[in-house]
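First comes the structure, then the notes that go with it.
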Protein chains: 2
Amino acid sequence: MELFQALKTRRSVREFTGARIPAEDIREIIECGTYAPSALNAQPWHFIVVDDTSLFPDLMKIHPYISSLGSASHAIILCADKSLEHAPGNWMLDCSACIQNMLLAAHGLGYGAVWAGIYPAADRMERFSQYFKLPESVSAHSIMVVGCPKNPLPLVTDRYREEKVHLNKW
Amino acid sequence: MELFQALKTRRSVREFTGARIPAEDIREIIECGTYAPSALNAQPWHFIVVDDTSLFPDLMKIHPYISSLGSASHAIILCADKSLEHAPGNWMLDCSACIQNMLLAAHGLGYGAVWAGIYPAADRMERFSQYFKLPESVSAHSIMVVGCPKNPLPLVTDRYREEKVHLNKW
């Protein structure tokens, strides 16, 4: 897929066919995530790939907004190891750039995906830490639900807003 | 440019020729930013495009790590209007996805760019607020320095780390 087409046609997808995504495509999605920039190139991200669908009901219990997982193929929980940071307090930005690359990659491979936030909701972060027994220095950032889209993507709508673009001053 | 090539070859670029980027390409870069996902689709971003190079020395004074601006074409200061948020505390994630799209778009157009953080450094945020007289609800997130790259990009290095990918459990 052409870059600008990918950037402008990616949408959050929440309804899936239930079909399974091959492991090598999940690897490709994650690899694209690792090419995101990060503060002082710390690359603090870790990925928990959940392909065992018997765990999906548990995940839907500990995150309030991922009912889409019911028909999805995989969940990828994006975490950061804060002990890897060179510039503390940037891990949530690094992970956001990382998941954006992953969302684009999923779209480019013909899959659908949605970013469900874990950070900054303290209760969700705690539940994911407990469920996955995350090390002390590791925080869960987000969960990417990915699968084979059930429906065609909605048409592209123009997002550019002239009043949000300021020239040389606010 | 093909999506996966773009994702994997984008690099932070800090040396530029000084050549000017046409305004329509800056618009395209920003437009790509606006297609990023945001929490509850709040799209809280605003953009201050600085094409007046006489302001560059001021910007280099208020941000410690943008000496690259000396040979760049434009600075784009990405801000968020927190009063637009539906899910408070997500604006810094939304803006990170937005700037990642912008970095990819700049790369796809053949330009080079670097993301210099403003958030979470409180002193930098304050200096940008004062310099641009930002409204109370608006915070500066980052500055994207963009220009025509002076040198070829460094070769792609493999970023995927098996030990950072966990299957079904940490």
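The values are calculated or read from the model by the stated rules, or taken from the named source; none is laboratory data. Computed from a predicted structure; not experimentally measured. Note: ideal-geometry Cβ built from the backbone for every residue, glycine included; neighbour counts use all protein chains shown. The protein model used for the area step is the full one, side chains on, heavy atoms only, and it has no ligands, DNA or RNA in it. Shrake-Rupley method; radii C 1.70, N 1.55, O 1.52, S 1.80 Å.
Annotations
- Of all the numbered requirements in (1) in a helix (DSSP H, G or I); (2) open to solvent by 10 Å² or more (accessible area, probe 1.4 Å), B:Pro88 misses one, and that requirement is (1).
- Of residues in region A:29-62 being of a type in the set (Ser, Thr, Tyr) and in contact (Cβ under 8 Å) with a residue 40 or more places away in the chain, the one farthest from the other protein chains (Cβ to nearest Cβ): A:Ser38
- For B:Ala6: the one exception among (1) farther than 22 Å from A:Trp170 by Cα; (2) surrounded by fewer than 23 Cβ atoms within 10 Å (Cβ to Cβ); (3) within 11 Å of another protein chain (Cβ to nearest Cβ): (2)
- Answer residue from region A:9-22, given it is part of a loop (DSSP other than H, G, I, E, B) and open to solvent by less than 20 Å² (accessible area, probe 1.4 Å) and is farthest from the other protein chains (Cβ to nearest Cβ) among those: A:Ile21
- Residue match in region B:96-119 (condition: under 23 Å from A:Lys169 (Cβ atoms), touching a Pro at 6+ places or on another chain (Cβ under 8 Å), more than 8 Å from chain A (Cβ to nearest Cβ) and in a helix (DSSP H, G or I)): no
- Filtering region A:23-58 to residues that are β-branched (Val, Ile, Thr), within 27 Å of A:Gly89 (Cα to Cα) and in a helix (DSSP H, G or I) leaves A:Ile29, A:Ile30, A:Thr34.
- Filtered residues of region A:122-158 (kept if closer than 21 Å to A:Arg10 by Cα and small (Gly, Ala, Ser)): A:Ser142, A:Gly147
- Top-ranked residue in region A:23-51 [being over 18 Å from the mean Cα position of the chain (by Cα) and open to solvent by 20 Å² or more (accessible area, probe 1.4 Å); ranked as farthest from A:Ser67 (Cα to Cα)]: A:Leu40
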